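The values are calculated or read from the model by the stated rules, or taken from the named source; none is laboratory data. Predicted, not measured: the structure shown is a model, and the values here were computed from it. FYI the Cβ positions are ideal-geometry reconstructions off the backbone, even for glycines, and counts take in every protein chain you see. In case anyone asks, the SASA skips ligands and DNA or RNA and just uses the protein heavy atoms, side chains included. Shrake-Rupley method; radii C 1.70, N 1.55, O 1.52, S 1.80 Å.
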There are 4 protein chains.
Amino acid sequence: MMHITVWNENRHEKENPDVQKVYPDGIHEAIRSFLTEDYDSVSTAVLDEPEHGLTDDVLDKTDVLIWWGHKAHEEVRDDIAAKVQERVWNGMGLVVLHSGHFSKVFKRLMGTGCDLKWREADEKERIWVVDPTHPLTEGIGSCIELEKEEMYGEHFDIPVPDELVMVSWFEGGEVFRSLCTFRRGSGKIVYFRPGHETYPTYYHPDVQRVIKNAAGWAARKAGERPVYGHHPEPLETISSKEEDE
Amino acid sequence: MMHITVWNENRHEKENPDVQKVYPDGIHEAIRSFLTEDYDSVSTAVLDEPEHGLTDDVLDKTDVLIWWGHKAHEEVRDDIAAKVQERVWNGMGLVVLHSGHFSKVFKRLMGTGCDLKWREADEKERIWVVDPTHPLTEGIGSCIELEKEEMYGEHFDIPVPDELVMVSWFEGGEVFRSLCTFRRGSGKIVYFRPGHETYPTYYHPDVQRVIKNAAGWAARKAGERPVYGHHPEPLETISSKEEDE
Amino acid sequence: MMHITVWNENRHEKENPDVQKVYPDGIHEAIRSFLTEDYDSVSTAVLDEPEHGLTDDVLDKTDVLIWWGHKAHEEVRDDIAAKVQERVWNGMGLVVLHSGHFSKVFKRLMGTGCDLKWREADEKERIWVVDPTHPLTEGIGSCIELEKEEMYGEHFDIPVPDELVMVSWFEGGEVFRSLCTFRRGSGKIVYFRPGHETYPTYYHPDVQRVIKNAAGWAARKAGERPVYGHHPEPLETISSKEEDE
Amino acid sequence: MMHITVWNENRHEKENPDVQKVYPDGIHEAIRSFLTEDYDSVSTAVLDEPEHGLTDDVLDKTDVLIWWGHKAHEEVRDDIAAKVQERVWNGMGLVVLHSGHFSKVFKRLMGTGCDLKWREADEKERIWVVDPTHPLTEGIGSCIELEKEEMYGEHFDIPVPDELVMVSWFEGGEVFRSLCTFRRGSGKIVYFRPGHETYPTYYHPDVQRVIKNAAGWAARKAGERPVYGHHPEPLETISSKEEDE
């Protein structure tokens, strides 16, 4: 059975009453809750647990990791960020949400600075589908409309995505590549933009639909990690060797 | 005027008489030499110089960095690998050759393990053009044939290349994505496979042609680095703000 | 329930005893037969049926069309090729096999000449996985080995594939992009190289596995075709219009 | 010396006084005029000339063809559309502007329906750079702002672009992939969105800069068209043949 772990920094929720009102049990609980509608096995982990809740035991059983972080990226231990990166290489799926673009895990996997433009102005966002063949868009119409969100604007400093699936329009005048996929090693990665902590974005049914789709799409597949390294025996006869003999 | 810096580990050349025979002045000198046929300003830097020869002064003037390393990747200082990565983000071109696939610089920029299969068996390699529109292939026919080379075989654990330009056939039975491009930040990266230290690969005119093309293609362009960060003023009026007033 | 239609030219099988020996009931029957192991609803259609067996009724129920053709591409009616192209735009999956690269349907969808190099010399082929995360490779190891096949060599004159999944090595010295995907409209397309009519390629379990995977991957998804055309009403107020009033 | 041919339908300009006011000598003349600032050899051709002005002599000398059409796509002869497609395959560059998305030439090269949403509402457009490394953006800042333009909205029914370079924001609420590249055969294709006939878009310096960049980028390169077809002689010995002997 596929298992999803929802990781959250969980600091805004403790420190900011406005965020508490929107997500009284934390963003991780809100996400866990709707994922259980489609998936039987979903757990959570937060920054302040030992090893940030990402022990080997937890990662061993995790087929997809969801990641939300913002103000405490620097508090994530380097060795744990490196471990999560390796898990992705070995096939664990990763769904990075919103301000997770600046997380150590995402930056290590992208190889870029992952910077962008941003603004908090209670502005309208429309996220348009540009690849209607993609499984990430199943059940979504031509766009998702959010009444108020934080703005993220281009240039978004990521590698060219393997697949660009949705693009955001912001009332204030900018655009953003909001739903993207990347492969790293045997792992599949989704980045999905919306989800500022002061807005009820994760209660929006279309946002939930995309995250459910992303979990299913990115989940570890049955295949094994390729074999690398020294293969001294050629599969075919080498002519220069024949001549030697 | 565009400036190229050729970086080489330069250890095999000091320690192995077989390599000395092929590259008596080092691989960096062989590469510098043919690049001067097309470019006016080419210098070299090696691992054992202070700061590996990659001081801020050197990097400030470098439009393209060529990278060859193999047995001493671990001796490259982390802070200098990080600095080179940032320079690429800021627009410096990077051409990674052969065993440079395992360099700290390349791995940081790719975000993957960069592993592969390999074998030293004096086997024939043919590198076929799969994108004849690409400037990297100017002056090259349908394939480059090398009598003897080290084998690198798939799976090559890199992100999906932005452009796949050439693919290798090996006599021993494998294939390899041998000429690839990647963008990271404002910088352009080329990976080019051939160039084992015991073979005269860098004297082959087609290999030289590709490296010359790569230097020209990857070189820093005039444009500026995009502006990121907080942009509090929307470009357009936000309707929810109007209502507030 | 998903329905697959296997289309075959079915001429070699009628005219050439060597082919009859390998595929006594036709290539379409061989393919239909193994697909029924995984899919409940699989039918066939051949060139010499009325409308080539591709009536509106047949296409209405087809979620994925498999295509094998070679010597009679020109006998396929232009209006039927155009109809199949439109069906793909509207979400029907398409799996093009081997010499189908030169079919009217594939060329119309690619927009290129789709030419390649070829040779019949009973040579060995190894098809290597270059994207181990792709669902098309589920159940496949690092490569598929075929004792004797026709050679197809680069340059293969297709658009850059959306995804390059496998690359062939040929004993005679060439390489080929053998398993590729493309999106066109709401439809997904797979091209898979092996399958010359004189070899028992379609009895090879790994070849069967890839075609089964391809049918599942390309099958029409639930989503609707996007709405296009005139949308006179803006979603937001246009400032220049406000000024007019 | 590189030669550019600017092709225009030139019907709106003859029939609509509003368009005549903006482009008194036709859109083709406006484009030819600014291209001559950077290129020495630029000519024009229009629909109502014999063979639409696209004779073999004209195409023989054309390194890049610019295409503007809108209301008379159907009047372009099929054989001439096919000829232009073949010229692109053989290395001629093609820059398709605005409503040229629905031209026979572009649709043949894309293999898709090329449809989109549209609206004429005098609305503001901002075209944002999403790939600042691309030569098409040289000399352009982070976005191009046009006071009034026709709206084109997603979904734009094209194949996944080889490179996505700019994305439009429209005041009315939509986004659009506005600057895209494609390879077809040995030819390079640019699609660039803005340029409705009733607006002075082609006098905007940034729009002119992108079209100048596009002409230089897409221009035929020195390389030859690859050789295709029957290659009966293997480059290497085939083992099954050895056994026969």
- line: For B:Thr133, the lone unmet condition from (1) more than 13 Å from the chain's Cα centre (by Cα); (2) in a helix (DSSP H, G or I); (3) among the β-branched types (Val, Ile, Thr) is (2)
- line: Sole miss for D:Glu120 among (1) touching a residue at least 60 places away in the same chain (Cβ under 8 Å); (2) more than 25 Å from B:Trp217 (Cβ to Cβ); (3) open to solvent by less than 10 Å² (accessible area, probe 1.4 Å) is condition (3)
- request: State all residues of segment A:141-158 that are more than 8 Å from every other protein chain (Cβ to nearest Cβ) and assigned to a loop (DSSP other than H, G, I, E, B); if no residue qualifies, say none.
  value: A:Gly141, A:Ile158
field: Members of segment B:200-236 that are among the aromatic types (Phe, Trp, Tyr) and open to solvent by less than 20 Å² (accessible area, probe 1.4 Å)
entry: B:Tyr202
task: Among residues belonging to segment D:12-63 that are basic (Lys, Arg) and under 20 Å from the mean Cα position of the chain (by Cα), point out the one that is nearest to D:Ala81 (Cα to Cα).
output: D:Lys61
message: Which condition from (1) more than 9 Å from chain D (Cβ to nearest Cβ); (2) surrounded by 20 or more Cβ atoms within 10 Å (Cβ to Cβ) is the one that C:Asp79 breaks?
response: (2)
query: Under the condition of being of a type in the set (D, E, K, R) and more than 21 Å from D:Glu13 (Cβ to Cβ), which residue from segment D:49-76 is least open to solvent (accessible area, probe 1.4 Å)?
result: D:Asp63
- request: May I ask you to verify whether C:Lys83 is among the basic types (Lys, Arg) and free of Cβ contacts under 8 Å to residues at least 24 places away in the same chain?
  value: no
- request: Determine whether C:Val207 is without any contact (Cβ under 8 Å) to a residue 12 or more places away in the chain and of a type in the set (A, V, I, L, M, F, W, C).
  value: no
- request: For segment A:101-109, indicate whether the set of residues that are open to solvent by 10 Å² or more (accessible area, probe 1.4 Å), over 24 Å from D:Pro161 (Cβ atoms), under 19 Å from the mean Cα position of the chain (by Cα) and within 7 Å of another protein chain (Cβ to nearest Cβ) is non-empty.
  value: yes
statement: B:His52 fails exactly one of (1) closer than 24 Å to B:Asp38 by Cβ; (2) away from chain A (no Cβ under 13 Å), namely (1)
message: Let me confirm something: among C:Thr5, C:Thr36, C:Thr55, which residue is more than 24 Å from C:Pro200 (Cα to Cα) and either modelled with pLDDT under 95 or among the hydroxyl-bearing types (Ser, Thr, Tyr) (or both)?
response: C:Thr55
statement: Taking segment B:26-48 and keeping only residues that are open to solvent by 70 Å² or more (accessible area, probe 1.4 Å) and either within 13 Å of B:Val6 (Cβ to Cβ) or out of contact with any Lys or Arg (no Cβ under 7 Å at 6 or more places or on another chain) (or both), one is left with B:Glu37, B:Asp40, B:Asp48
- prompt: Mind checking whether some residue in segment A:146-160 is open to solvent by 10 Å² or more (accessible area, probe 1.4 Å), closer than 27 Å to D:Glu154 by Cα and without any contact (Cβ under 8 Å) to a residue 24 or more places away in the chain?
  reply: yes
